[in-house]
Amino acid sequence: MKTQTIVLKSRPDGKPKESDFGFVEDTLKALSSGEILLKLQYVSVDPYLRGRMSDAKSYVEPFEIDKPMSSLVVAKVTDSKNDKFKKDDMVTGMLPWKKEQISNGENIQKIDDKDVPLSAYLGVLGMTGLTAYLGLTEIGKPKKGETLVVSGAAGAVGSTVGQIGKIMGCKVVGIAGTDEKVDKLKSKFGYNEGINYNTTDDMGAAIKKNCPDGVDIYFDNVGGEISDAILFNINKFSRTINCGAIAVYNETSTPKSVSVRPFLIKNSALMQGFIIGNYADKFGEARKQLAQYLKEDQLTYEETIVEGFENIPSAFMGLFEGKNTGKMIVKI
Ligand code: NDP
């Protein structure tokens with residue numbers, strides 16, 4: 001059987017471009033005992049994959065040139081010689097961008113669509129939902145009445161953080177890149193206020209206006225100048241969760257930013273880097289809580305679905321253009 005794989009063709013210089021990805025066709029062998037045949041159904045594209053396209057040292061291994069790229073996916077078992085899986089089972093796991101592929105069944109979990117659609121396992125019940133919940137609760141430690149600011153607020157992580165902050169009794173202010181997204185922050189994701197950073201000249205003043213009591217928690221998904229502006233508004237004992245820095249992922253030189261130290265000292269403030277993988281022991285509990293919020297209609301989510309295996313690279317690149325609201329997912 002023929003299959004298609006997306007490989008890393010070249011390491012991007014600045015923003016990733018189409019020619020950094022390559023399409024390779026190869027032939028799958030027949031299944032051996034213990035193996036299953038998988039067909040991709042949904043593929044998650046995520047900003048952190050940009051880091052894996054570079055060869056700089058990081059918390060995850062870089063992709064290798066001419067080798068498959070990978071991410072969290074949902075796949076269907078189309079044939080099985082493994083007792084643990086049967087034809088038509090659905091699974092999720094970190095798998096290569098390979099349309100059909102053979103697996104030994106390790107490091108994948110069975111899922112079903114009884115309670116939520118399968119794609120939700122890539123977003124609200126997947127890595128981004130867990131990031132939102134654990135980043136906010138473990139580092140942000142929200143208290144009723146506090147002010148929580150979220151950047152990248154209309155994205156997969158941000159749209160979930162805002163709603164959880166609201167459930168926990170915070171006043172929630174979101175920052176996003178278009179007026180439509182800002183409207184949605186308030187109409188769908190429960191944010192009290194929203195700021196469009198693309199049409200705001202003075203972000204420091206906008207934060208001050210929207211957070212008259214100052215900022216107690218900052219969930220930072222973007223880094224860069226937006227996050228610098230927050231520093232001028234943090235409260236005593238405030239907590240900043242450094243979750244992502246998409247505004248600088250494509251920089252080719254070390255970005256300049258405001259020196260954080262005086263702000264942290266003056267305010268006895270905490271700023272902590274967050275990597276979801278460090279909280280693996282809490283995934284079960286967190287997923288249970290997220291599922292409960294969904295069941296009780298306290299939590300909602302949105303997906304931007306791009307169709308077609310060949311469009312995985314463009315969907316990924318779209319993240320850097322703000323083309324998604326909620327989770328960016330490719331349906332195969
Ligand atoms: P999103 O769904 O938020 O998608 C990315 C969004 O970022 C875009 O829609 C866009 O929205 C915004 N954006 C793009 N470029 C810029 C820019 N230059 N300045 C400001 N905003 C920009 O992605 P995720 O929710 O999956 O991830 C959010 C962040 O969290 C990322 O930085 C990601 O790397 C990080 N992350 C970190 C994890 C960890 O363990 N540390 C785990 C998961 C995610 P807009 O239109 O508003 O600009």
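The values are calculated or read from the model by the stated rules, or taken from the named source; none is laboratory data. Because the structure is a prediction, the values reported are computed rather than measured. Using ideal geometry, Cβ is built from the backbone for each residue, glycine included, and neighbour counts are taken over all protein chains shown. Accessible surface is based on the protein model in full, side chains and every heavy atom, while ligands, DNA and RNA are left aside. Shrake-Rupley method; radii C 1.70, N 1.55, O 1.52, S 1.80 Å.
Looking at region 75-96, is at least one residue at pLDDT below 95 and in contact with a strand residue (DSSP E or B) (Cβ under 6 Å, 6 or more places away or on another chain)? There is no residue in region 75-96 that is at pLDDT below 95 and in contact with a strand residue (DSSP E or B) (Cβ under 6 Å, 6 or more places away or on another chain). In region 236-251, the residues that are within 12 Å of ASP220 (Cβ to Cβ) form Cβ pairs under 7 Å with partners that are at pLDDT below 95, at six or more places apart or across chains, as follows: VAL248/PRO255.
For region 190-215: of the residues being in contact with a Lys or Arg (Cβ under 6 Å, 6 or more places away or on another chain) and either aromatic (Phe, Trp, Tyr) or more than 12 Å from the ligand (Cβ to nearest atom) (or both), which is most open to solvent (accessible area, probe 1.4 Å)? Let's see the steps before the verdict.
We begin by selecting, within region 190-215, every residue in contact with a Lys or Arg (Cβ under 6 Å, 6 or more places away or on another chain); these are 190, 192, 194.
Subsequent filtering for residues that are either aromatic (Phe, Trp, Tyr) or more than 12 Å from the ligand (Cβ to nearest atom) (or both) retains 190, 192.
Details: GLY190: 27, ASN192: 59 Å².
Here the residue is ASN192.
Taking region 151-189 as the range and being of a type outside the set (A, V, I, L, M, F, W, C), more than 10 Å from the ligand (Cβ to nearest atom) and closer than 17 Å to THR131 by Cβ as the test, the residues that pass are GLY162, GLN163, GLY165. Annotation: ALA75 fulfils all but one of (1) within 16 Å of the ligand (Cβ to nearest atom); (2) surrounded by 14 or more Cβ atoms within 10 Å (Cβ to Cβ); (3) under 19 Å from GLY126 (Cβ atoms); the unmet one is (1). Contact map, region 98-117: residues that are under 22 Å from ILE6 (Cα atoms) paired with residues that are at pLDDT below 95 and assigned to a loop (DSSP other than H, G, I, E, B), Cβ distance under 9 Å, separation 6+ or inter-chain. Pairs shown: GLU100/MET1. Check whether at least one residue in region 228-236 is open to solvent by 40 Å² or more (accessible area, probe 1.4 Å), more than 25 Å from ASP13 (Cβ to Cβ) and more than 10 Å from the ligand (Cβ to nearest atom), and report yes or no. Among the residues of region 228-236, at least one is open to solvent by 40 Å² or more (accessible area, probe 1.4 Å), more than 25 Å from ASP13 (Cβ to Cβ) and more than 10 Å from the ligand (Cβ to nearest atom), which makes the answer yes.
Take the conditions of a type in the set (Asp, Glu) and in contact (Cβ under 8 Å) with a residue 12 or more places away in the chain and apply them to ASP83. Does it pass? Walk me through it before giving the result.
Details: of a type in the set (Asp, Glu): yes; in contact (Cβ under 8 Å) with a residue 12 or more places away in the chain: no.
No; evaluated as a whole, the condition is false for this residue.
Let's see how each residue does on (1) of a type outside the set (Lys, Arg); (2) crowded, with 24+ Cβ neighbours inside 10 Å; (3) touching a helix residue (DSSP H, G or I) at 6+ places or on another chain (Cβ under 9 Å):
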position: ASP112; (1), (2), (3): yes, no, yes
position: LEU118; (1), (2), (3): yes, no, no
position: TYR121; (1), (2), (3): yes, yes, no
position: VAL124; (1), (2), (3): yes, yes, yes
position: LEU148; (1), (2), (3): yes, yes, yes
position: GLY158; (1), (2), (3): yes, yes, yes
position: VAL173; (1), (2), (3): yes, yes, yes
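Scan region 1-15 for residues that are surrounded by fewer than 14 Cβ atoms within 10 Å (Cβ to Cβ) and in contact with a helix residue (DSSP H, G or I) (Cβ under 8 Å, 6 or more places away or on another chain) and the total you get is 1. The strands (runs of 3 or more DSSP E) found wholly in region 99-164 and carrying at least 1 residues that are over 30 Å from THR27 (Cα atoms) occupy 147-151.
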